[in-house]
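Report on the following structure.
The values are calculated or read from the model by the stated rules, or taken from the named source; none is laboratory data. Quantities reported herein were computed from a predicted structural model and do not represent experimental measurements. Cβ placement follows ideal geometry from the backbone for every residue including glycine, while neighbour counts extend to all protein chains displayed. Each accessible area value is taken on the protein alone, full model and side chains, heavy atoms only, with ligands, DNA and RNA left out. Shrake-Rupley method; radii C 1.70, N 1.55, O 1.52, S 1.80 Å.
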Amino acid sequence: MCLGVPGQVVEWLDRDPVFGRASVEFAGVRRVCHMACVPDAEVGEYVIVHAGIAISRIDAEQAERLLDELRTLDMDDELPPPTAAASDDATAGERSP
Amino acid sequence: MKYVDEFRDTRAARRLVDDIRRTATRRWVLMEVCGGQTHSLLRHGIEEELRETVELIHGPGCPVCVTPAEDIDFAQQLALREDVLLTSFGDMLRVPGTRESLLDVRAAGGQVRIVYSPLDAVALAQKHPDRQVVFFAVGFETTAPATALAVRQAEQLGLENFSLLVSHVRVQPAMESILRSPGNRVEGFLAAGHVCTITGFDSYVDFVREFRVPVVVTGFEPVDLLEGIRECVRQLESGRAEVTNCYARSVRREGNRHALVAVEQVYRIADVPWRGLGVIPSGGLRLRPEYARFDARRRFEDTGCEEELPVITTPDCPAAEVLAGRMRPSDCPQFGSRCTPDSPLGAPMVSSEGACAAYFRYRTPAVDASQPAGASQPEATR
Amino acid sequence: MTETSWQPGCPVPIDGVEPRITLAHGEGARLTRQLIDAEIRSRFRSAPLAPLPDAAHVEETGGRIAVTSDSYVVSPLFFPGGDIGSLAVHGTVNDLAVSGAVPRWITLSLILEEGLPLPVLQRVLDSVARAASDCAVDVIAGDTKVVPRGAADGMYLNTTGIGTVIGSPPPGPQAIRPDDAIIVSGPIGRHGMAVLCAREELAFDPPPQSDSAPLTDVVKTLHRVADGNVRTIRDATRGGVSAVLHEWADASELSFRLDEATLPVSPDVRGASELLGIDPLYAACEGTLVAAVAPDVADQVVQALRRRPESAEAAVIGSAVDRTICPVTIRRTLGREQPVDEPTGAMLPRIC
């Protein structure tokens, strides 16, 4: 369930709360997507599109954090031992209480 | 492709695999409940790669498999009506109902159109005022906002020829049902990242307290899946049971407010049957009374036969056991003999994302692999 | 015939008052003759066809001939990058070319659905004529039938292609050896995605384009450079590259290993296939060939192909290996060999 693909907002076509639409680009094609769930998405931002509607605005900072962590992982010659995992900050995520 | 390719990076994936192997001191049993995650895990060989470290159970996360056969039958009846144009996601076309699939019905003259989006079905209803356009609304909480939006648009446009056959399901009640059943082996969950994009993950706080199993919100690309698995293993190794978000670029704690409002407005939570699992309390959605006029079950009451809350199990198919991870597909006496993708006995063999269909593909030589259920002749490209 | 057989993408305006094909057009009498005069003879003027004999006669001295037969039932009839007419010519020509023949003659049989607008037929025939001229083949024989409303989805075409065999044609898939290189002449899956998006009106912009085109020059280049080291060539039609490799696996009793990083995929196919959850390996091509060649000529073949505009993105995508349990595998992110299944029927978009 849930094939959702990231695309870039190219142009807003309609800002109506129910009929809001924008042209979104995915690699080499654009498609008009329904934007009622992301009314504040800006041109140039990326959104995730599922079944023709944008369901979230991609948090570029969070994405970058994860990629940074992966690069760090990549550069480590020695990975931290498993027991340190519980306290290390390398996990990209918030924890709930 | 931005935000896709980076999360399919080989080096990052390999290092995560190594880290998971290094972290685990025993084999853990994890479950994912999302057909999209099943698909990605299989496609990239993650399950195979981590076989010694993690047992990954594919839970009932594929709406294609869990949509009741009776709903599919009803959709077929509608498609055969002269006045109806049935619209559906492509996924549903090959799935057999009680007897045949929507693809078979289309070949027999039923009016069935594939749409990529339920909003395209609304556009079709506008374009064809002489036809009754029905959209087969399957899917988890990820998809419900799209179908809710379709109803809202139809309402504002004053369309009299648009309706939904609602068969939406909710994933958390199914997870609870699995954990409560005797013989449950699941020790940690990968929560479906796009469901949580809509719902947020607050509702899992009480869940982890009650059941003492970690829940890790996980994405779909190989790196995302490995991140989620690694976090789950880390928690299990240190005896924690928390909710963690490993898909933060898409998921916020509060979910998507606009989407939730749209769903709240149009749908109510209901007890619904899941194919192979029986009725799951609060396991699905139905249209609110204010939107009853968009309910295809009401509009076409005279079509087919309706029973409230039928128990849908196929004799001889231990679907509940398999989907809950208590039985491996290969342990089922019918697996590969009476039950194959060509002639499925139950839900988990029905779609290529089903646990049994996935096992079938890997356990038999590919030259013998049968076509998935309900496959038809290749559609013409020449 | 549903509207979707010819209306989407139809380049001629249809307003409901144009003349249409009727059952009488297929009866073989006056209306048939008029139709053939007006639409066939006006466009196809080859000598063997001119007298409209029951069978065309052609001169051929010595050598072997190659014969192929194909039917075309594509829906919609018009799609970005082509139509059923040009497709029929290219497909027939390509079957001959990959088999080591120079395409020379084509027959064209039409099965028309009652009610088909005449301008649609005319447009398709224009396209056949143009493609035939581009490919230097003559249409020398044909037939016209009309079937009742509801059959033939607008129009079906059937062709027979005849060519003369030159030199030694490639031996065939049973000649493939372990370590042989698998080459594709261009980005994969374009035709299949173009037709799917057109038929289901998926509204991509720009709409994915079919790669329907003749492969004769690409094949010539391949042979010139590989010089006897080509095992077999196929144009990858229904079922895409995956279907070809599964057939070759059966015939050669080897397995094929692909590398996802080397698969050429055009940006429009990439975007559309990600969005729809479809793998381009299963999508049809109609102007892209797959070849198995000896490993030591693979690089030169690819370099030579890349110098031609129609094969500018040719690439080695994998190699043959001794048979394992999976006939076709691909290396993806984790570097594991993942099975590539046989194509299983209609490509359907998914949300799951």
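Listing for the model above:
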| quantity | calculated |
| --- | --- |
| For the stretch B:95-199, size of Cβ-based charge dipole, Lys and Arg +1, Asp and Glu -1, in debye | 120 debye |
| Within chain C: Cβ-based charge dipole about Cα centre, in debye rounded to nearest 20 (Lys, Arg +1; Asp, Glu -1) | 400 debye |
| GNM top mover of B:S40, B:S203, B:S238 - chain B, alpha-carbon springs below 10 Å | B:S238 |
| Bins of 5 Å from zero: percent of alpha-carbon pairs in the stretch B:68-201 | 2, 10, 18, 19, 16, 14, 10, 6, 4, 2, 0 |
| Semi-axes of the equivalent ellipsoid for the stretch A:1-77, Cα gyration tensor, largest first, Å | 29, 12, 11 |
| Protein accessible area in the stretch C:266-352, 1.4 Å probe - carbon and sulfur % | 48 percent |
| In range of the label at C:D217: residues from the stretch C:292-310 whose backbone nitrogen is under 13 Å from the point 7 Å along Cα→Cβ | C:305-310 |
| Per residue solvent-accessible surface (Å²) - the stretch C:173-339, probe of 1.4 Å | 34 Å² |
| Debye log10 I(q)/I(0) for chain C, one point scatterer per Cα, at q = 0.09, 0.12 Å⁻¹ | -0.52, -0.89 |
| Sites C:D296 and C:T324 - FRET efficiency at Förster radius 22 Å, r taken between beta-carbons, to 0.05 | 0.35 |
| Angle between chain C longest axis and helix C:267-276 axis [Cα atoms, degrees, rounded to 10] | 90 degrees |
| Estimated distance in nm for a label pair at C:R336 and B:A107, the labels positioned 7 Å out from Cα along Cα-to-Cβ | 3.4 nm |
| Peptide A:32-39 - average C-beta neighbours from other chains (10 Å radius) | 6 |
| Residues B:R27 and B:S181, FRET efficiency given R0 of 22 Å [Cβ-Cβ distance, rounded to 0.05] | 0.55 |
| Kirkwood Rh, angstrom, chain B [1 / mean 1/r, Cα pairs] | 21.4 Å |
| Crossing angle, helix C:190-199 versus chain C [Cα axis fit, 0-90 degrees, rounded to tens] | 50 degrees |
| Stretch gain in nm, segment B:R328-B:K127, where the contour uses 0.36 nm per residue and the Cα spacing is subtracted | 67.5 nm |
| Surface share of carbon and sulfur [accessible, 1.4 angstrom probe, percent] for the stretch C:23-165 | 50 percent |
| Three-way shape label, the stretch C:173-339, alpha-carbon gyration tensor, a/c 1.5 | oblate |
| Förster radius 45 Å - calculated FRET efficiency between B:S337 and C:R177, Cβ distance, rounded to 0.05 | 0.75 |
| Segment C:E27-C:A136, extension gain: residue separation times 0.36 nm, minus the distance between their alpha carbons | 36.0 nm |
| A versus B: buried accessible surface, summed, Å² (probe 1.4 Å, to nearest 100) | 4900 Å² |
| Dimensions in Å of the stretch B:145-251 - Rg and Dmax from alpha carbons | 17.3, 58 |
| Area projected by the alpha carbon convex hull of the protein assembly as shown, averaged over all directions, nm² | 35.3 nm² |
| At least 40 Å² accessible surface lost relative to isolated chain, residues of the stretch B:186-218 (1.4 Å probe) | B:H194 |
| Per-residue SASA entry for B:E52, accessible area with 1.4 Å probe, Å² rounded to 10 | 140 Å² |
| Largest-first ellipsoid semi-axes for the stretch C:81-169, taking √(5λ) over the Cα gyration tensor eigenvalues, angstrom | 27, 12, 10 |
| Share antiparallel - DSSP beta bridges, the protein assembly as shown, percent rounded to 5 | 60 percent |
